[in-house]
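A short worksheet on the structure shown next.
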Amino acid sequence: RMSRHAQQLRDHDINPCVAETDASRKCMDDNNYKKDMCTAYFLKYKNCRKFWHDIMMQRRRNGVKPEMPSAEERRKMLESMG
């Protein structure tokens with residue numbers, strides 16, 4: 001059984017970057033853990049974290065709950081941005 005923290009990391013409503021995490025991990029597995037082979041995946045993950053962190057901070061400042069939009073809400077936000 002997964003720890004509560006591990007479950008949260010897999011929860012798309014809590015962690016907006018599950019897909020980027022999985023892609024990075026798969027790249028590392030596929031490339032025998034040579035980090036330089038996976039730079040693009042790491043960058044996508046980093047950009048994802050920064051993007052949603054900034055949104056979370058903005059919502060916190062504006063008193064919006066929950067601070068992290070749900071997976072469905074995030075999908076609509078991304079679609080509206082093109």
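Using heavy-atom solvent-accessible surface (probe 1.4 Å) with all chains present, what is the largest-first order of D11, D30?
Details: D11 60, D30 100 Å².
The ordering from most to least exposed comes out as D30, D11.
When only Cα pairs under 8 Å and 6 or more residues apart are kept, what is the percent relative contact order across the chain? All intermediate terms of the calculation are to be shown ahead of the outcome.
Values: 54 pairs, mean separation 23.7, N = 82.
Result for the chain is 29 percent.
Hey, with R₀ at 25 Å, roughly what FRET efficiency would R4 and K35 work out to, going by the Cβ-Cβ distance, to 0.05?
Given R0 = 25 Å and the Cβ-Cβ separation, E is 0.30.
As an exercise, identify the chymotrypsin sites (Phe, Trp or Tyr not before Pro) in region 7-69 lying in DSSP coil whose Cβ has no more than 13 other Cβ atoms within 10 Å.
Details: sites: Y33, Y41, F42, Y45, F51, W52; in loops: Y33.
In loop regions of region 7-69 (DSSP not H, G, I, E or B), the sparsely surrounded chymotrypsin sites (Phe, Trp or Tyr not before Pro) are Y33.
Distance cut-off 29 Å, Cα to Cα: go down the list K46/K76; K26/K65; K50/K76 and report the pairs above it. Each step should come with its number before you reach the end.
On the way: K46/K76 21 Å; K26/K65 33 Å; K50/K76 18 Å.
Pairs exceeding 29 Å: K26/K65.
Normalised by the empirical 2.2 N^0.38 Å for globular proteins, what value does the Cα Rg of the chain take? Mind showing how you got there, number by number?
Numbers: Rg = 14.5 Å, N = 82, 2.2 N^0.38 = 11.7 Å.
Rg over 2.2 N^0.38 Å, computed on Cα atoms: 1.24.
Using a Gaussian network for the chain with springs between C-alpha atoms less than 10 Å apart, which of these wobbles most: A23, A40, A71?
A40
L78 to F51: extension gain in nm, 0.36 nm per residue of separation minus the Cα-Cα distance?
8.6 nm
The values are calculated or read from the model by the stated rules, or taken from the named source; none is laboratory data. Quick caveat: nothing in here was measured; it's all calculated off a predicted structure. Reconstructed Cβ throughout: ideal geometry from the backbone, glycine too, with neighbour counts over all protein chains shown. Ligands, DNA and RNA are excluded from the accessible area calculation, which covers all protein heavy atoms including side chains. Shrake-Rupley method; radii C 1.70, N 1.55, O 1.52, S 1.80 Å.
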